[in-house]
Amino acid sequence: MNSDKQKADQSGNDLVTKGAFALYHAENAHRVAEFKKSKNAEAAIAADFDAYRSRYLRKFKDVFDSLSEQGLTVTRAM
């Protein structure tokens, strides 16, 4: 049973990380657009996100929690 909880926690953490990355993209569309012009765009975007990771994880977690309080759920589309 413990492994089921760990999988659920890992899945939830993955969702928060992906949500944080999406929020980063939305709030930094101009930066992402500039990075996309470079040869190694994905690496540049990932490096910039890593610099701000804790900020966007916290922001998305706050949004996630707020939605949960309202009875709404954030899920990953399959």
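The values are calculated or read from the model by the stated rules, or taken from the named source; none is laboratory data. None of these values were measured; they are calculated from a predicted model. Heads up, the Cβs are rebuilt from the backbone with ideal geometry, glycines too, and the neighbour counts pull from every protein chain shown.
For the range 34-59, a tally of residues being modelled with pLDDT under 95 and part of a helix (DSSP H, G or I) returns 0. Summed over the range 55-76, residues that are closer than 21 Å to GLU27 by Cβ and small (Gly, Ala, Ser) total 1.
Which of the residues spanning the range 64-77 are part of a loop (DSSP other than H, G, I, E, B) and more than 14 Å from ASP14 (Cα to Cα)? Those that are part of a loop (DSSP other than H, G, I, E, B) and more than 14 Å from ASP14 (Cα to Cα): GLN70, GLY71, LEU72, THR73. Of all the residues that make up the range 1-33, how many are among the polar types (S, T, N, Q), exposed (fewer than 12 other Cβ atoms within 10 Å of the Cβ) and at pLDDT 95 or above? Here the count works out to 0.
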